[in-house]
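Below you'll find the structure, written out as structure tokens, and then a few comments.
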Amino acid sequence: MSTRSYISGLLGLMVNALIFGTGVVVILAVPALNAHAAILIPALVLLAFVATPIVSWYIAPRVRARYWRARGMRPRAAFK
């Protein structure tokens, strides 16, 4: 497996949680959607399951320092 696959796999857990969490908050916060929550939340689970590999595959190269060096930029450190 490639490095991108490994990074994508690790990012997938966080991306899935973000997609699902954001979707649940939207469904439960909007009264018109809240009435149909019994149908929308399982649909959201399927949507998050399908969208997670696509989004994490797109984000994976941007996590690597090599991506930013190729563009002449320094990756920012989280902590200094």
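General observations
- Within the stretch 18-41, residues that are among the aliphatic types (A, V, I, L, M) reach partners that are outside any helix (DSSP H, G or I) with beta carbons closer than 9 Å, at six or more positions or on different chains, in the pairs 27/36.
- Condition met for residue 57 (modelled with pLDDT under 70 and assigned to a helix (DSSP H, G or I)): no
The values are calculated or read from the model by the stated rules, or taken from the named source; none is laboratory data. Predicted model, so just to flag it, every value in this text is computed and none were measured. As a convention, Cβ positions derive from the backbone with ideal geometry for all residues, glycine included, and neighbour counts pool all protein chains shown.
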